[in-house]
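The values are calculated or read from the model by the stated rules, or taken from the named source; none is laboratory data. All figures in this text were calculated on a predicted structure; none of them were measured in a lab. Positions of Cβ are backbone-derived with ideal geometry, glycine not excepted, and every protein chain shown enters the neighbour counts. When the accessible area is computed, the model is the full protein with side chains, heavy atoms only, and any ligands, DNA or RNA have been set aside. Shrake-Rupley method; radii C 1.70, N 1.55, O 1.52, S 1.80 Å.
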Amino acid sequence: MTIKTKRIFLGFGLNPQQTTSVVAIQQQLPANVRLVPAANLHMTLAFLGGATPVQMQALIERVDKLNKRQFSVTLDKIAHWHKPKILCLNGAATDINLLKLAADAQSIAAELKLHCSEYSYNPHVTLSRKAKENVEVVDYQPITLQPTKLCLFESYPGKNGVEYPTLHSWQLA
């Protein structure tokens, strides 16, 4: 018998104003990239990979116990990440509350034998996929995120592309 897993990640949704700002940036990108749909825009805290129902329940219980404080992060650079072929809006993780959440997420992932990142945390919103190179000049203002909740998202291929339904959420204090 095969145990069914869900591909999951922890992250933060964008508010309508932030989504509008990110979409305005996306509209300036080259036509040969695949834009992330507005409904899917988010800032990932930790990609966790495939998780069984038991692992997901344990994850929810562990995150319930975390000290989840609000934070602020400014995304002010457009970057091209060569290996995953994405363009993203990113910034520096300097807020201690964000850094602590990211470290806690990786500790929980390791404890539950879920995917752990080999890189240090880099806050970003993916703008497009299948990007072969960086973009020249895009006119935009930095976006400051101050999320009010942390979400557990699933990632699966839907009828119209990848979908990210929220499986669980926690208020940030």
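Of all residues in the range 98-132, how many are touching a strand residue (DSSP E or B) at 6+ places or on another chain (Cβ under 8 Å), surrounded by fewer than 17 Cβ atoms within 10 Å (Cβ to Cβ) and over 25 Å from HIS168 (Cβ atoms)? Final tally of qualifying residues: 2. Within the range 133-147, not a single residue is open to solvent by less than 30 Å² (accessible area, probe 1.4 Å), touching a residue at least 24 places away in the same chain (Cβ under 8 Å), over 22 Å from THR74 (Cα atoms) and not charged (D, E, K, R).
The set of residues in the range 151-161 that are more than 13 Å from LEU48 (Cβ to Cβ) and open to solvent by less than 70 Å² (accessible area, probe 1.4 Å) comprises GLY158, GLY161. Annotation note: Cβ proximity below 6 Å between a residue of the range 83-106 that is of a type outside the set (Phe, Trp, Tyr) and a residue that is part of a helix (DSSP H, G or I) (sequence gap 6+ or interchain) occurs for ALA93/LEU99.
Contact list please: Cβ distance under 6 Å, first residue in the range 15-42 and without any contact (Cβ under 8 Å) to a residue 60 or more places away in the chain, second residue hydrophobic (A, V, I, L, M, F, W, C) and surrounded by 15 or more Cβ atoms within 10 Å (Cβ to Cβ), pairs at least six apart or on different chains. Listed by first residue and then by second, the contacts come to THR19/LEU41; ALA38/VAL23.
For the range 24-39, a residue qualifies if it is under 23 Å from SER169 (Cβ atoms) and surrounded by fewer than 17 Cβ atoms within 10 Å (Cβ to Cβ), and the qualifying residues are PRO37, ALA38, ALA39. Taken together, the residues in the range 40-58 that are open to solvent by 30 Å² or more (accessible area, probe 1.4 Å) and either on the phi > 0 side of the Ramachandran plot or part of a helix (DSSP H, G or I) (or both) amount to 4.
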